[in-house]
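The values are calculated or read from the model by the stated rules, or taken from the named source; none is laboratory data. Please read all numbers here as calculations on a predicted model, not as lab measurements. Reconstructed Cβ throughout: ideal geometry from the backbone, glycine too, with neighbour counts over all protein chains shown. Please note that ligands, DNA and RNA were not included when accessible areas were found on the heavy atoms of the full protein model with its side chains. Shrake-Rupley method; radii C 1.70, N 1.55, O 1.52, S 1.80 Å.
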Amino acid sequence: MALSEERVLEALKGVMDPELGKDLVSLGMVGEIRLEGKKADLLINLTTPACPLKGQIEADIRRALLPLGLEEVRVRFGGGVRPPEQYPIPGVKHVVAVASGKGGVGKSTVAANLALALSREGARVGLLDADLYGPSQAKMWGLEGQRLKVDANRKILPLEAHGIKVLSMANIVPPGQAMIWRGPILHGTLKQFLEDVNWGELDYLVVDLPPGTGDVQLSLTQLTRVSGGVIVTTPQEVALIDAERAADMFKKVQVPILGVLENMSAFLCPHCGKPTPIFGEGGGRRLAERLKTRFLGEIPLTLRLRESGDQGVPIVAQDPEGPEAQAFIGAARELAAALSVQAFISLPMA
């Protein structure tokens, strides 16, 4: 039987998207099929450029097309982040909240590097520093001392660093000035940061929340539609107790929990590379299992990771091939996959 596009499509109906549980054809992911002799060139449009399962999908495609007698199969991946039915903020597809039940677990470091890792995978990303009492993102991105400007429509223009749009209270108030504000002022400020900012076109707006479960967290869920939340914890039992409270907060305000990310999983010796689990082992994974959510991965504790934040260059930008950056990139891929699944199951049934 002659090779044809119809036969290729029929074979691809047996290839499933591992995350969505449906075949590539019914999902509309087969963008282009080019046939030349016994060679096939395929374009597969994924629901996120950061898909962690590209290798598995490509291997499944090759297996499915093997009976057709093809001598060469080339698989190209395209596509972008699938938009929701209604954008939470004009131009912004997904708002992702990064939370922890307590301070000191490296939540801001995680938020910064997750944003940068998503960007490196091909997404358009912004970062909102919603920790209004203790903003640290300006320091971590090397933006200290820079002032915010407005456009012709009186919209605030975020600053930019390493391809990420960044907005932080630290670029509005003088360094060291305390924010002695009550709830209504916090609510109004966050409202302005969401509604009166020209974010442009973004796939993801990562929101670095303050520790705890207070006014800012509640205001965020009242002011916009949050696609999901990420829980940051260390393996330590004391941290897990508070992280579970942060997860409970998301549940009570009906924000899907996208996953748990364990930070400071083990200290990596700068001399020999030996890992030492200072804060215990496996706590983040156990928490994810209890919450019945995705475990996004483990981030090691290293001197370079700490220094990168102090130097204003996130580790994913400073050393993208290092173990710390690779851990963040893996976590970002898992996060992007979780968001794709969340967006898919939220679509109305035909």
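Rg and Dmax of the chain, both derived from C-alpha coordinates alone, stand at 21.7, 76 Å. Taking Cα atoms only, the orientation of helix 54-65 departs from the longest principal axis of the chain by about 10 degrees. Taking the charge dipole of region 126-285 about its Cα centre, with +1 at Lys and Arg Cβ atoms and -1 at Asp and Glu Cβ atoms, the residue from ALA243, LEU186, VAL166 reaching farthest to the positive side is LEU186.
Given a 1.4 angstrom probe, I'd like the percentage of the accessible area of region 157-221 that is carbon and sulfur, rounded to a whole number.
Details: 1510 of 2760 Å².
On region 157-221, the fraction of accessible area on carbon and sulfur atoms equals 55 percent.
Our helix-only sum for the chain, with -39,500 (n - 2.57) per DSSP H run of n ≥ 4 divided by its residues, gives a mean residue ellipticity at 222 nm of -10500 deg cm²/dmol.
Quick one: helix 237-252 against the long Cα principal axis of the chain, what's the angle to the nearest 10°, folded into 0 to 90? Tilt relative to the chain: about 70 degrees.
Please report, largest first and rounded to whole Å, the three semi-axes of the ellipsoid equivalent to region 223-326, where each semi-axis is the square root of five times an eigenvalue of the C-alpha gyration tensor.
27, 17, 11
Between helix 183-195 and the chain there is an angle of about 40 degrees, using the helix long axis and the longest principal axis of the Cα atoms.
In Å², what does the accessible area per residue of the chain work out to with a 1.4 Å probe? All intermediate terms of the calculation are to be shown ahead of the outcome.
On the way: 16050 Å² over 350 residues.
Result: 46 Å² of accessible area for each residue.
The alpha carbons of region 166-291 occupy a box of 48, 35, 33 Å along the principal axes, longest dimension given first. When Rg and Dmax are taken over the Cα atoms of region 106-189, they come to 13.3, 39 Å.
Entry for region 150-232 at q = 0.15, 0.23 Å⁻¹: log10 I(q)/I(0) = -0.64, -1.47, Debye formula applied to identical alpha-carbon scatterers, no solvent contribution.
When the convex hull of the Cα atoms of region 93-143 is projected onto a plane and the area is averaged over all directions, what value comes out in nm²? Intermediate values should be presented prior to the final figure.
Working: hull surface 16.0 nm².
If I average the Cα hull's projected area over directions, I get 4.0 nm².
Based only on Cα atoms, what mean projected area does the convex hull of region 266-350 have, in nm²? Display every interim value, and only then the final one.
On the way: hull surface 30.3 nm².
With every direction weighted equally, the projected area is 7.6 nm².
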